[in-house]
Amino acid sequence: MLSVVLGCLALLLVLLTVEVVSGWDPFGNFDRSLSDDAVAAASDHTWLLRACEALAEAFATIPVVAVVLAVVAWAIWRREWRIATWLATSGLVVLLGNPAIKAIVERPRPRWNGTLHEIGGWSFPSGHAAGAGLLLVIAVLLTIITTGRGFKRRLLITVWSVLAVAVAASRVFLGVHYPTDVVAGLAFGAGATLALWLLIATDATRLPSELAMLTGTGARQAAVVLNPSKVGDIEEFKARVRVAATAHGWSEPLWFETTVEDPGYGQSLSALAAGVDLIIAAGGDGTVRAVCEEAARTGVAIGVIPHGTGNLLARNLGIPLNWRDALDVAFGGQDKAIDLARYRTDSGVDTSFLVMAGLGMDAMIMTGVDDDLKKRVGYLAYFVSGVKALRFPGMKVTITVDDAEPVKMRARTVVIGNVGFLQAGIPLLPEALIDDGELDVVVLAPRRFLGWLGIAWKVITRRKRNTARFARFTGRTVHVVAGSSTPMQLDGDPVGEGTEITAEIRPGVVLVRVPVVPIATA
């Protein structure tokens, strides 16, 4: 689809360039007459003239460069290196290439009696329109990446498109360009940016959804393991699942509900025994963890439908938090092999975690969360509990990573992560990846209340240098020993108290459905 759009933009730019250079005029005097009408309208309506002038200022070269650099910085912060490269390259190609085309074509600007807006240089193609085309493609593609299907995505894409057309049209109303100038500018800016996306930003190692969905037996039989306390209206949920399954060519799902006694382990085993090709986990991180633990190494994919408060696995995998959009990913996404970590404590807990585990203050936060408040305000309830837990005392810990020498520190909390980002994109472990075959550890040890401000700054700025108050480690096996019994947690669930944690990574043992990354076609 993207290749077709690119082809149309390229053809349009070539035809308009040939028309201007050769003097060929297939539309009669359309270019001039439309310009006459536009300039007359701007002359008669002061508000229209002011609006066009405002657009001229907002989409001049310097503001466009500033926007591109800001988005490049955002991509670098999110460690999206290909996207950052694409953005920077697109900006250079469009903003330098457009003047080069102008110098080759050398089309004079239109001249009018009582010119509304004075400007020098050549006319074809419009630089403002090219910049608008550049920003349009950037905005649309990033909107598609960061939002799920639905009204929000359609609304944003419509806004970006209308804005780009308005910028281009404003140049005609001001009398500084012909309609063919601005159409060519839009085609060049959008086409060059889209072409570079296909060359740089798409991941050719990913399979398209039609191939990625062929897991298990290929019979397209799914099972749904749902947590009734999280899902809400179960009948509405089941109806939505059936619609999504049918739309993607899957059979009527098998249904399994979790219980207080069994959060998903037995239900997952029953689903696997039934020979399903896909298990959909609908609930919080605890339900997802139980399903993934049982499905590890089976080759059966897991679809994640987030209904919890934290939903950290979904957030770190780019799965939509809107469960209706997440259904499309579950049935029509592609499979990604992710790591699972084994988790053992001296108090007898022997299980796994997908997201994060730890001991100390973070576990105290999980233990102190008010369930009623969590239902009302979501993950903000953790913030309230966190404020209460700030006075959690420091403790002596000994941390051993792989075969390295043990490190002794004082700590308020120790977190072992399989993913890097908390809610709101906070980069607690910015180097952590869920498919890198390693665990990442962070130790936080502020002396006083105000010390948390320094810790927060180091987290947000992704400070790498270890100190006595803030340190990070990476390895395949992590062993933590506390000087006294302390609260422990995994994937946001309290697991009692103890003094020792051992975490060991199991690389690539779970298949999870994630959004499809488009690939370039020949």
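The values are calculated or read from the model by the stated rules, or taken from the named source; none is laboratory data. In this text the structure is predicted, and so the values were computed from the model without any measurement. Don't worry about glycine lacking a Cβ; one is built from the backbone with ideal geometry, like all the others, and counts go over all protein chains shown.
Listing for the model above:
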item	result
Residue in region 324-337 that is among the basic types (Lys, Arg) and either farther than 14 Å from Gly284 by Cα or surrounded by 22 or more Cβ atoms within 10 Å (Cβ to Cβ) (or both) present	yes
Contacts under 7 angstrom Cβ, first residue in region 49-72 being touching a residue at least 24 places away in the same chain (Cβ under 8 Å) and surrounded by 13 or more Cβ atoms within 10 Å (Cβ to Cβ), partner of a type in the set (S, T, N, Q) and in a helix (DSSP H, G or I), 6 or more apart	Cys52/Ser170; Leu55/Ser170; Ala56/Ser170
Qualifying residue in region 226-236 (condition: assigned by TED's automatic domain parsing to the domain that holds Val304, aliphatic (A, V, I, L, M) and closer than 23 Å to Phe353 by Cβ)	yes
Residue among Gly420, Gly454 that is surrounded by 20 or more Cβ atoms within 10 Å (Cβ to Cβ), modelled with pLDDT under 85 and on the phi < 0 side of the Ramachandran plot	Gly420
Which listed residue, of Ala357, Ala282, Ala271, Ala290, is hydrophobic (A, V, I, L, M, F, W, C) and either out of contact with any Phe, Trp or Tyr (no Cβ under 9 Å at 6 or more places or on another chain) or assigned by TED's automatic domain parsing to the domain that holds Glu497 (or both)	Ala357
Qualifying helices (runs of 4 or more DSSP H) (wholly inside region 309-405; at least 1 residues being under 22 Å from Glu294 (Cα atoms) and modelled with pLDDT of 85 or more)	312-317, 323-332
Test: Val72 is part of a helix (DSSP H, G or I) and under 30 Å from Phe173 (Cα atoms)	no
Residue in region 161-175 that is surrounded by the most Cβ atoms within 10 Å (Cβ to Cβ), counting only those that are under 33 Å from the mean Cα position of the chain (by Cα) and not β-branched (Val, Ile, Thr)	Ala168
